[in-house]
Amino acid sequence: MRWIITIIITAFWAWLFSLLFTWWMVAVIPFVVALIAKQKAGRAFLSGFISIALLWSILILSRDMSNDYLLSGRMAQLFSLPHTAFIIVNIVVGALAGGLGGWSGAAMRGIFKSK
């Protein structure tokens, strides 16, 4: 249950801070959440990966539907990818950034853990 709550918290704060600052907050927020939530490295990676994947899926699809898939269709043509593959690649790239941010937060906490 705690793991699901960290996923929801990470997705919410990443969304909020991405609105206020820039896109790379999707790596910083999982870092901070993993550091504060005292997660182990594997769980922190999965938590960051899943939360950002869900967030970017919602954001990409909602914005893509609103403009009738125009921009993503053209970008997919530019990269010679099918439209769906282009969207999946974008989601995976964002999710990897979130997962690595969470993993880094867990590793940072491990460095400073008192023995």
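Every read-out reported here was derived from the displayed coordinates using simple, explicitly stated rules and does not represent laboratory data. Just so it is clear, the structure is predicted and the values come from calculations on it, not from any experiment.
Of the listed values [x] 12.0; [y] 7.9; [z] 6.7, identify the label whose number matches mean projected area of the Cα convex hull in nm² calculated from this model.
[y]
Kindly provide the helix-only [θ] at 222 nm of the chain, computed as the sum of -39,500 (n - 2.57) over DSSP H runs of four or more divided by all residues, to the nearest 500 deg cm²/dmol?
Theoretical 222 nm ellipticity from helices: -29000 deg cm²/dmol.
Working out 0.36 nm times the residue gap between T22 and K38, then minus their Cα-Cα distance, what length gain in nm do you get to one decimal?
3.2 nm
What residues have an amide H closer than 5 Å to that of L81, excluding those fewer than 5 places away on the same chain, when H is modeled at 1.01 Å from N in the peptide plane?
For L81, no residues qualify.
Go ahead and set up a Gaussian network model of the chain, Cα springs under 10 Å, then flag whichever of I91, I50, I58 fluctuates most.
I58
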